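The values are calculated or read from the model by the stated rules, or taken from the named source; none is laboratory data. Computed from a predicted model, the values in this text were never measured in an experiment. Here Cβ is always computed from backbone atoms with ideal geometry, including for glycine, and neighbour counts include all displayed protein chains.
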Amino acid sequence: MLNWPDYRKELLGRIGEIGKLSPDTVAGHQTLSKAGQKTGHLDAKTRELIALAVAVTTRCDGCITVHAAEALKHGASHDEIAEALGVAVALNAGAALVYSARVMDAVGAYEGSKPA
């Protein structure tokens, strides 16, 4: 697969380059990333577990490398990470089922609009 620690360093370096070209874009992302921390409703480990599940559903390798390191830093166990990933898998399957229903609805709508 990937050398995740090296990938993280390389990724953060590239994001630093983007920050020089478009500082408001990177600053805006940092503001969004830190917003949840300010409420204090979820602890850092829980936020990182959620981030890992979302990283899987959005297929974001950069998110995976950053949030895997952070989850471990905040004390997440392999079991907790696996459970969070199980939620992501279930949601992806659920989303596919919901969108399958939407496809069938669209097919029905088109069949109903065909001239006889």
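Annotations
- In segment 1-41, the residues that are part of a loop (DSSP other than H, G, I, E, B) and modelled with pLDDT of 95 or more: SER22
Okay, residues lined up against (1) without any contact (Cβ under 8 Å) to a residue 24 or more places away in the chain; (2) under 17 Å from the mean Cα position of the chain (by Cα):
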position: GLU10; (1), (2): yes, no
position: GLU17; (1), (2): yes, no
position: THR39; (1), (2): yes, no
position: ASP43; (1), (2): no, no
position: THR46; (1), (2): yes, yes
position: GLY62; (1), (2): no, yes
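- Hits in segment 63-90 (condition: exposed (fewer than 15 other Cβ atoms within 10 Å of the Cβ) and assigned to a helix (DSSP H, G or I)): ALA69, LEU72, LYS73, HIS78, ASP79, ALA82, GLU83, GLY86, VAL89, ALA90
Quick grid of which residues meet (1) over 19 Å from TRP4 (Cα atoms); (2) β-branched (Val, Ile, Thr):
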{"site": "LEU32", "(1), (2)": "yes, no"}
{"site": "ALA44", "(1), (2)": "yes, no"}
{"site": "ALA53", "(1), (2)": "no, no"}
{"site": "VAL56", "(1), (2)": "no, yes"}
{"site": "ALA76", "(1), (2)": "no, no"}
{"site": "SER100", "(1), (2)": "yes, no"}
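- Test for ALA95: is it farther than 21 Å from ASP6 by Cα and in contact with a helix residue (DSSP H, G or I) (Cβ under 6 Å, 6 or more places away or on another chain): no
- If the condition is being surrounded by 10 or more Cβ atoms within 10 Å (Cβ to Cβ) and closer than 14 Å to VAL66 by Cβ, then segment 14-40 contributes ARG14, ILE15, GLY16, VAL26, HIS29, GLN30, SER33.
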